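Asks: So that we are looking at the same thing, I have put the structure below in C-alpha cells.
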Amino acid sequence: MWLKIADVIFIILAIVACLNGAKYGLGSHVNPGPGAMPFLFGIALGIFSLIDLLSGFRKGKSTIKDSDVWSDTDWKKVGITTVSLLLYAGLFNMLGFLVGTLLLCVVLYRVVEQNSFLKAVVPSILISVLSYIFFKIWFGLPLPSGIISIL
Amino acid sequence: MVWVTPAERYYQYFIGEVAVEFLQPMINGLWSMLDPTTLFYCFMGVFLGTLVGVLPGIGPVGAMSILLPVTLNIPPLSTFVLLAGIYYGSKYGGSTTSILVNVPGEAASVVTCLDGYQMAKNGQAGPALGISAIGSFIAGILGTLGIAVLAVPIVSFALKYGPAEYFSMMILGMTLLVFLSSTSVMRALMMACVGLLIGTIGLDPIAGVLRFTMGIPELMDGVGLIPLAMGLYGIGEILTNVEQKIRRQISLSSKVGRVLPSWEDHKKSFGAILRGTVVGFFTGILPGGGATIASFASYAIEKRISRHPEKFGKGAIEGVASPESSNNAATQSAFIPMLTLGIPSNAGMAVLLGALIIHGFTPGPLLLSQHPDTFWALVASMFLGNLMLLILNLPLIGIWIQVLKIPFRILIPIIVVMCVVGAYSVNNSVTDIFVMLFFGIVGYLMKKLSLDAAPLILAFVLGPIMENSFRQALILSSGSIKIFFVRPISLSMLIIALLLLVLPPLIPALRERREKMIQEKEEES
C-alpha cells in the first residue's frame with residue numbers, strides 16, 4: 001500500500017511539474033522554452049509512476065510488505081530527532097551556533113539515546129565547544145553568535 | 001638519437017603524438033602530489049575513508065557530502081585527493097567489520113562476511129584481514145594503472161564528441177544506472193526523473209525565468225548539491241540509525257593475531273585476487289555497476305571455478321580475496337567515466353563531480369586537456385593512497401579494532417552538527433539547513449520504501465549538463481531532432497539504451513536474472 005501511496009504522490013508531483021512547465025513556456029522544438037524540460041521530465045515521471053502503480057495493482061502483492069516498511073520504526077525517536085532538528089534550524093540565528101548546538105546535543109543524547117543527565121551534558125558541552133573552536137575560530141566560518149553576542 | 005621511454009613508446013604507438021603532450025603534465029602532476037599539503041589531505045582522505053568503512057551507519061557518500069563544504073576553503077587538488085581518498089579508502093575499512101563482527105561497514109563488503117567471518121570464527125581473523133588488505137592493495141594499484149592507461153585514449157576519442165553524442169551518452173549512462181539499480185527499473189526511472197526535476201529548480205540559464213522557487217530567494221541558484229546529498233545520505237542515514245539497535249561486539253573467537261597470511265594462503269589467493277581485479281575493473285566502469293555488484297560477481301565466479309566450492313561460506317580464503325580485490329578494482333575504475341567523460345557511475349562519483357564543478361573545473365574530456373597536472377596528481381594520489389591504506393590496514397589494524405568498539409550512536413550528534421555546519425556554510429543561509437532537513441526526511445522515507453537514492457542524485461548532477469547538451473544540439477541542427485539519430489555514435493548509444501530498457505521485460509532469462517539480482521540486493525540491505 002505504501003508504495004502505491006508513493007506512486008500517487010509522484011503522479012501529483014508530475015502533474016505539478018507539467019502544469020508549471022506549461023506556465024513557464026514550452027517554446028518550440030527549435031528553441032525550447034524554460035518550461036520544456038520540466039514538462040518533459042514531468043510527463044516521464046507521470047508515465048513511469050502510473051505504470052508502477054498499475055503493475056502494483058496487477059501483481060496484487062509487492063516484494064515489500066506493508067508490515068516490513070514500518071516494523072522497526074521507533075516513531076518517538078525519529079519524531080523527536082526530526083522536530084529537534086527543525087527547531088534547531090529555525091532558532092539557529094536567534095540562539096546562535098554554540099547554544100543551539102549544545103541544546104540539540106543534549107536532546108539527542110538525553111532523549112534519543114536515553115543517557116543520564118551527566119552523560120548527556122558532558123559530551124554535549126565538549127561537542128559544541130570543540131565544534132565552535134574548529135569551525136568558527138579555526139576555519140573562520142561565519143556561524144551566528146546569537147544570544148551570546150547579547151551577553 | 002633521442003631516447004624514448006617505454007611509456008612514450010606505448011603512447012606513440014597506440015594513439016600517436018597527442019599522448020606525448022600529456023607526458024610532461026603527467027610528470028608535473030606526479031611531482032605536485034608530493035607537496036606536503038596534498039600528501040596530508042591524501043592521508044586524511046584514506047584515514048577518514050577507512051574510518052567510515054569501519055563504522056556502519058555513515059557511508060562514503062555521506063562522509064564525502066559532509067566534508068564537501070569544508071573543502072571550499074582548501075586548494076582544489078587537495079579537495080579531490082581528500083574526497084577520492086574517502087571513497088576508495090572506505091572499501092578497505094568495510095572489510096574489517098565484515099570479517100571481525102559480521103556487520104559489513106560498506107555495501108560492497110557484504111559478501112566478505114560469508115567467508116571472512118567464518119575465518120575469524122576459525123581463529124584466522126588475522127590472515128583474513130591480511131589477505132583482504134593485500135588483495136585490496138593489488139587491485140587498487142592495478143585499477144589505478146588502468147585509469148592511467150585508458151584515460152588518454154578515452155579522452156582523445158571523447159574530444160571528438162559533439163553535444164548530440166554527449167546527450168546520448170548521458171541517456172545511456174542513466175539507463176545503465178537504472179538497469180543496474182537495486183530497485184525495479186520503473187522505480188529507478190522515477191527516482192531519476194525526480195532528480196532531473198530537482199535539477200530544474202532555480203533560474204533558467206537561457207531565458208532567465210525562475211522555476212519552482214516558490215518565492216524563496218535562496219532557491220534562485222537552484223538546490224545545492226551539498227544540502228541535497230547531505231540530506232539524502234547524511235541526515236537520512238542518521239534518522240535510520242536513530243531507530244536501529246546496532247549491537248556490535250567483537251567476539252572472543254575473533255582474536256586477530258598475525259595478520260600476514262601464510263605462503264599457502266598466498267598461493268590460494270593469488271589467482272582469486274587477479275580474477276577479482278579483472279571482474280571488478282570492468283564492472284566498475286559501467287554506470288551503476290559499482291563495487292557491490294563486482295564483489296558479488298567475482299565471488300560467484302570464484303566459487304564456480306573452484307575445485308572445492310563446498311568450502312565457500314565456511315572460511316575459504318579465496319572467498320575473501322576475490323570480492324575484496326574486486327570491490328577495490330571497481331572503486332578505482334569508477335573514476336574512469338567520471339574523470340574522462342564527466343559521467344559519474346555512482347553517487348560517490350557524482351559528489352566528486354560536484355566538487356569539480358564547485359571548484360571551477362569542467363568535468364569531462366576537457367578536464368585532462370585543461371588541467372592535466374591536477375588530473376595526473378589525482379591519479380598519483382591513488383597510488384600513494386593505496387600504499388597508505390595498506391599500512392593503515394595491516395600493521396595498524398589494531399586502531400580500527402578499537403574504533404569498532406565505539407558505539408555509532410555516540411557519533412550521531414557529531415555527524416548532525418557537521419551536516420548542519422556544512423549546509424549553512426555554503427551560502428550562510430538557514431534555508432540550506434531546511435533544504436537539507438527536507439531531503440533528510442525524504443531520504444529516510446526512501447530508505448523505508450526501498451527506493452534507491454543513487455539514480456536521483458546522479459540525475460540531479462547530470463540533468464543540467466544533459467539539458468545544455470540537448471539545447472546546444474538542437475541549436476546546431478536548427479531544431480531538427482534528427483541530429484541524435486543520424487550521427488552514428490549518438491545513434492548507437494541510444495539504441496543500446498533502448499535495448500537495455502526494452503529487452504529485460506521481454507526476454508524471460510534476462511528478466512529472471514535481473515529479478516534475482518534485485519532479490520540479492522534486497523537481502524543484502
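The values are calculated or read from the model by the stated rules, or taken from the named source; none is laboratory data. Predicted, not measured: the structure shown is a model, and the values here were computed from it. FYI the Cβ positions are ideal-geometry reconstructions off the backbone, even for glycines, and counts take in every protein chain you see. Side chains included, ligands, DNA and RNA excluded: accessible areas come from the protein's heavy atoms. Shrake-Rupley method; radii C 1.70, N 1.55, O 1.52, S 1.80 Å.
Asks: Ranked highest first by average number of other Cβ atoms within 10 Å, how do A:12-21, B:410-419, B:450-459 line up?
Replies: My ranking of the peptides, most packed first, is B:450-459, B:410-419, A:12-21.
Asks: Just to be sure I understand the curve: with the Debye formula and one point per C-alpha of the protein assembly as shown, what is log10 I(q)/I(0) at q = 0.07, 0.11 Å⁻¹?
Replies: The Debye formula, applied to the Cα set alone, gives -0.46, -1.20.
Asks: Now, a different point. Decide, for chain B, between rounded, prolate and oblate: order the square roots of the alpha carbon gyration tensor eigenvalues as a ≥ b ≥ c, take rounded if a/c falls under 1.5, and otherwise choose prolate if a/b is larger than b/c, else oblate.
Replies: Rounded.
Asks: I've got another one for you. What is the packing order of peptides A:51-58, B:327-334, taking the mean over residues of other C-beta atoms within 10 Å and listing the highest first? The partial results should precede the final answer.
Replies: Values: A:51-58: 14.0, B:327-334: 33.2.
Descending mean neighbour count gives B:327-334, A:51-58.
Asks: Quick one: of B:LYS91/B:LYS448; A:LYS76/B:LYS314; B:LYS267/B:LYS447; B:LYS121/B:LYS267; B:LYS314/B:LYS405, which pairs are farther than 32 Å apart, Cα to Cα?
Replies: Where the Cα-Cα span goes over 32 Å, the pairs concerned are A:LYS76/B:LYS314; B:LYS267/B:LYS447.
Asks: When the helices in chain B are scored as -39500 (n - 2.57) per DSSP H run of 4 or longer and the sum is shared across all residues, what 222 nm value do you end up with, to the nearest 500 deg cm²/dmol? Mind dumping the intermediate values first?
Replies: Values: 24 runs with 375 residues, N = 525.
Mean residue ellipticity at 222 nm (helix-derived): -23500 deg cm²/dmol.
Asks: Using the Cα centre as the reference, give the magnitude of the dipole from point charges on the C-beta atoms of the protein assembly as shown (Lys, Arg: +1; Asp, Glu: -1; all else neutral), rounded to the nearest 20 debye.
Replies: With only Lys, Arg, Asp and Glu charged at Cβ, the dipole is about 1300 debye.
Asks: Could you work out how far the C-alpha centroid of the range B:393-425 sits from that of the range B:97-174, in angstrom?
Replies: So the separation of the two Cα centres works out to 23 Å.
Asks: Ok, one more. Counting only protein heavy atoms and rolling a 1.4 Å probe, how much accessible area do B and A lose on contact, total for both sides, in Å² to 100?
Replies: 5200 Å²
Asks: Is the range B:340-420 best put as rounded, prolate or oblate by its Cα gyration tensor, with a ≥ b ≥ c the root eigenvalues, rounded for a/c under 1.5, and otherwise prolate when a/b is larger than b/c, oblate when not?
Replies: Oblate.
Asks: Carbon and sulfur: what percent of the range B:304-385's accessible surface (1.4 Å probe)?
Replies: On the way: 1250 of 2220 Å².
Carbon and sulfur together cover 56 percent of it.
Asks: How do the peptides B:110-119, B:350-359, B:89-98 rank, highest first, by the average count of neighbouring beta carbon atoms within 10 Å per residue?
Replies: B:89-98, B:110-119, B:350-359
Asks: Hey, any idea what % of the range B:101-182's accessible area is carbon plus sulfur with a 1.4 Å probe?
Replies: Numbers: 1560 of 2240 Å².
Percent of accessible area from carbon and sulfur atoms in the range B:101-182: 70.
Asks: So for the pair B:ILE489, A:VAL8, with labels modelled 7 Å out along Cα→Cβ, what separation do we get in nm?
Replies: Placing both labels 7 Å beyond Cα along the Cβ direction yields 4.8 nm.
Asks: Within 10 Å of each Cβ in B:202-213, how many Cβ atoms from other chains are there, averaged over the peptide?
Replies: Values: counts 0, 1, 8, 1, 5, 8, 1, 6, 2, 9, 6, 0.
Per residue, the average neighbour count from other chains is 4.
Asks: Is the shape of the range B:433-486 rounded, prolate or oblate, going by the alpha carbon gyration tensor and its root eigenvalues a ≥ b ≥ c, with a/c under 1.5 for rounded and a/b larger than b/c for prolate?
Replies: It comes out prolate by the Cα gyration axes.
Asks: With +1 on the Cβ of every Lys and Arg and -1 on the Cβ of every Asp and Glu, and nothing else charged, how large is the dipole of chain B about its Cα centre, in debye rounded to the nearest 20?
Replies: Using only the charged Cβ atoms, the result is roughly 1240 debye.
Asks: Okay, moving on. Considering the options B:GLY360, B:LEU404, B:VAL320, tell which one lies farthest towards the positive end of the dipole of chain B, charges being +1 on Lys and Arg and -1 on Asp and Glu at the Cβ, about the Cα centre.
Replies: Farthest towards the positive end: B:VAL320.
Asks: The range B:137-216: which trypsin sites (Lys or Arg not before Pro) are DSSP loop and have at most 10 other beta-carbon atoms within 10 angstrom?
Replies: Within the range B:137-216, the qualifying trypsin sites (Lys or Arg not before Pro) (loop, at most 10 other Cβ atoms within 10 Å) are B:LYS160.
Asks: With unit charges on the beta carbon (Lys/Arg positive, Asp/Glu negative), name the residue among B:THR340, B:GLY135, B:GLY89 whose Cα is farthest towards the positive pole of the charge dipole of the protein assembly as shown.
Replies: Value: B:GLY135.
Asks: For the range B:466-493, state which residues have at least 30 Å² less accessible area in the presence of all protein chains than in their chain by itself, taking the probe as 1.4 Å and leaving out ligands, DNA and RNA.
Replies: B:GLU467, B:PHE470, B:ARG471, B:LEU474, B:GLY479
Asks: Accessible area drop of at least 40 Å² (1.4 Å probe, protein heavy atoms): which residues of the range B:217-246 qualify, relative to the chain alone?
Replies: The answer is B:LEU239, B:VAL242, B:GLU243 - residues whose exposure falls by at least 40 Å² when every protein chain is included.
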